[in-house]
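Any read-out appearing in this document is the output of simple, stated calculations on the displayed coordinates, not a laboratory observation. Keep in mind that what you see is a predicted model, and the values were worked out from it rather than measured. Note that we place each Cβ from the backbone using ideal geometry, even for glycine, and neighbour counts take in every protein chain shown.
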Amino acid sequence: MTVSTQIPYLLRATRGEVLERPPVWMMRQAGRYMKAYRELRDKYPSFRDRSEIPEVAIEISLQPWKAFQPDGVILFSDIVTPLPGLGIEMDIAEGKGPIIDSPIRSQAQVDRLRPLEPAESLPFIKEILQELRQEVGDKAAVLGFVGAPWTLAAYAVEGKGSKTYSNIKGMAFSDPVMLHQLLGKLADAIAVYVRYQIDCGAQVVQMFDSWAGQLSPQDYETFALPYQQRVFQQVRQTHPDTPLILLVSGSAGLLERMAKSGADIVTVDWTVDMAEARVRLGKDIKVQGNLDPGVLFGSKEFIRDRIYDTVRKAGNRGHILNLGHGVLPNTPEENVAFFFETAKQLKVRG
Ligand code: CP3
């Protein structure tokens, strides 16, 4: 077994050290597939309560840590959590995701947005992150996360999740000046929020641009990439040593462009072969991923083979083992446990 001393094992991968096994965690590792989570959900039916009452959010964040000892413990929250602090009221509906009360469709609404004051509007984040650091010590890294400007703008403009993104694309392709103002305000708020998470204890921060994969490459370069860069640049000015991860869902056509975002680590999804992703991203970019979350519905042998295959293709440095996106509801907990055990026993690299 690898004994971690002083610095959490996951951070050693972010520094590019040669390691005998990659650190491992899972996106959405806290949540619906866990019985313990579902029980707590019955007690606290509102997602905002579960994520904004510090004791509850702490307990949920720690459920997978207690069950599986991953190398990373992610804050239990949501990407839309900071929006009320900007003046965008929202709720998170069971089975549906974020719902925005008054979707942003006019210049007046963009003008009314407030700068984010996280100590005032997000005080619970401080309590949660501080307590998580306390609990896991140097045995795991505590990860914070935020949504990226394009993806948060998609929720703010559509008012909810979307299959077509017709409202925000309508705005992008008919009134780009207004959308750029919205994206700029969101980028500045998100940068402030990332800095706040780091100051409160987050050791790594992942930015989710989940819906940027819905853009053509040229539109990604106009509406997503510059704002990812703006967030990462602002954070680097004050916090140059915190590793930053970028995720875009369905990013196979965008990998080279993601490498220009300023992220240290790019999450690779399962639509790309990991060895090919390495070549396409170049040696300066570290990788996270990239098993299909559906693999966890497979047999143990299959799960093990896919872990070996991914680890071999990623090589022995600068790789964080993960799924290519969040763990799915109904995933057998037993298979999640097996995934972590197998990953932590690996000694395939010298
Ligand atoms: O990884 C973790 O353990 C932290 C948990 C986490 C949540 N949301 C909790 C949550 C994370 C990292 C997020 C980020 C998030 N939220 C993203 C980016 C990640 C991605 O999937 O690309 C996005 C797009 C959202 C918006 C959102 N919130 C969606 C699409 C949903 C799911 C809707 C549904 O029910 O299928 C939510 C709600 C939500 N956020 C749930 C969880 C665990 C599910 C609802 C619940 O458990 O009650």
>> Under 10 Å, Cα contacts only: if you run a Gaussian network model on the chain, which one of Gln63, Gln109, Gln197 comes out with the highest mean-square fluctuation?
In response: Gln109
>> Given the -39500 (n - 2.57) contribution per DSSP H run of 4+ residues, what per-residue ellipticity at 222 nm results for the chain, rounded to the nearest 500 deg cm²/dmol?
In response: -13500 deg cm²/dmol
> Remind me, relative contact order of region 187-346 in percent, using alpha carbon pairs under 8 angstrom and six or more residues apart?
Replying inline: 19
> In nm, to one decimal, how far is the modelled label at Glu334 from the one at Tyr44, with both set 7 Å along Cα→Cβ?
Replying inline: 3.0
> Could you give the radius of gyration (one decimal) and Dmax (whole number) of the Cα atoms in region 190-282, in Å?
Replying inline: 13.2, 37
>> So for each of 200-210, 251-261 I average, over its residues, the number of other beta carbons within 10 Å; can you give me the resulting order with the highest mean first?
In response: 200-210, 251-261
> So which of Lys283/Lys344; Lys43/Lys300; Lys96/Lys260; Lys96/Lys169; Lys260/Lys300 end up more than 29 Å apart, counting from Cα to Cα?
Replying inline: Lys43/Lys300; Lys96/Lys260; Lys260/Lys300
> Taking R0 as 51 Å, what's the FRET efficiency between Lys96 and Val18 from their Cβ-Cβ distance, rounded to 0.05?
Replying inline: 0.70
>> Defining a contact as two alpha carbons under 8 Å apart and six or more residues distant in sequence, what relative contact order in percent does region 1-132 show?
In response: 23
> Can you pull out the trypsin sites (Lys or Arg not before Pro) in region 111-215 that DSSP calls coil and that have at most 16 other Cβ atoms within 10 Å?
Replying inline: Lys139, Lys163
> How big is Rg to Rh over region 4-105, alpha-carbon atoms, Rh as the Kirkwood inverse-mean-distance radius?
Replying inline: 1.07
> Mind checking which of Thr271, Thr222, Thr164 has the largest fluctuation in a GNM of the chain, springs on alpha carbons under 10 Å?
Replying inline: Thr164
> In Å, what is the Rg of the alpha-carbon atoms in the chain, and how long is Dmax?
Replying inline: 19.2, 59
